[in-house]
Amino acid sequence: MTRTGGPALTGAALALLIAGCAGPQRVLDARGPGAAQIATLWWILLALAVVTCVAVTALLLVAISNARRRAAGHDRPETSGRTLVWAGGVVVPGVMLLTSLIYSYRLSDAVYPPRSVAGDPLTIEVIGHRYWWEVRYPAHGVTTANEFLIPVGLPVRLRVTSNDVIHSFWIPQLQGKIDMIPGRTHEWWVSADSAGVFRGQCAEYCGMGHALMALWVTAAPSQAFEAWIAARRGGAVAASPAPDSRGREIFAAAGCGHCHAGPDAPLPSELEGTAPTLADLAGRRTIAAGTLANTRENLIAWIADPQSIKPGARMPPTRLAGDDLEALVAYLLTPR
Ligand SMILES: [Cu+2]
């Protein structure tokens, strides 16, 4: 590493740290009860750390000044420091650490409470894939991907797992992280205090596309939530207007239907989970798990060459003539 590498790296690390305080993933701007508990713990730990840092610095200055005075011949009795060492080195840190241990232990009880989710809460299954999220509402028979809705103010039960490697489900403004482990289902929950759109991110390195594995959760009033669910109920049956039939033909001919469900093209059940459903693509803000805005141009670029947009994405490039691509995208953007 060059000599200038150090400061540059430190600067970059600081910039990254500060970036955690802004943007759509502000951990300290908690918008749900789980995240609020974590944010409170964070502030308490910060306060303890600041007090400790100030106290230690003060003691250090006292020690330096004593050493100087001793060197100058003004002897001070050695014993005067002994109580200080015991109190400052053992008692105070002991009390602080024990208090924060007990507090964080009790808090984890509040953060992890599937048992306190009373009654029969809405259950959503989230399955991690390299590098996207499959989302299912089993009670409604609805499957979607990368973006989903929850009703405001209600605790929602999540069952999370993975289809391949370990991922971690994390919506910083709503709740702490939960690992998604293949072969295991972890029960977790989220709740949002107010309506809003919250960004989530895979928080466990899972391969090349990991950094571009984001998700969006919208907390909506119950009426909007019901309407959203109703529009997706019943699988891949598109609403009016009738889907562009040429686009549908291209979708089949280009092989998209081997991996994806289309607006009116269900995927055979044995292929479910191969790729994000495109049945409700028109309603998504982004494509490729939060990588690009869901626009016509971006879809065209994505379909032609996914790797150049999201290295590692498990979708092959598709060579299509310009007007075929246009027709295909028009079909994919059939509103529901
Ligand atoms: Cu990941």
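The values are calculated or read from the model by the stated rules, or taken from the named source; none is laboratory data. Here the structure is a predicted model, which is why all the values come from computation and not from measurement. So basically every Cβ, Gly included, is an ideal-geometry build from the backbone, and we count neighbours across all protein chains shown. To get the accessible areas, we keep the full protein, side chains included, count just its heavy atoms, and leave off ligands, DNA and RNA. Shrake-Rupley method; radii C 1.70, N 1.55, O 1.52, S 1.80 Å.
Numbers below:
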| read-out | value |
| --- | --- |
| Residue check for S108: assigned to a helix (DSSP H, G or I), within 24 Å of E204 (Cβ to Cβ), more than 16 Å from the ligand (Cβ to nearest atom) and modelled with pLDDT under 85 | yes |
| Residue check for L299: part of a helix (DSSP H, G or I) and open to solvent by less than 50 Å² (accessible area, probe 1.4 Å) | yes |
| Residue pairs meeting the criteria (Cβ under 6 Å; at least 6 apart or on separate chains; first at positive phi, in the range 189-212; second within 11 Å of the ligand (Cβ to nearest atom) and in a loop (DSSP other than H, G, I, E, B)) | G207/R130; G207/G312 |
| Unmet criterion (only one of (1) more than 16 Å from the ligand (Cβ to nearest atom); (2) buried (at least 23 other Cβ atoms within 10 Å of the Cβ); (3) assigned to a strand (DSSP E or B); (4) under 15 Å from the mean Cα position of the chain (by Cα)) for G128 | (1) |
| Residue within the range 316-324 that is among the basic types (K, R) and at pLDDT below 95 present | yes |
| Residues that are part of a helix (DSSP H, G or I), in contact (Cβ under 8 Å) with a residue 12 or more places away in the chain and not hydroxyl-bearing (S, T, Y), drawn from the range 307-336 | I309, D324, L325, E326, A327, L328, V329, A330, L332 |
| Strands (runs of 3 or more DSSP E) within the range 164-278 that include 3 or more residues more than 16 Å from the ligand (Cβ to nearest atom) and closer than 29 Å to L154 by Cα | 186-190, 196-201, 214-220 |
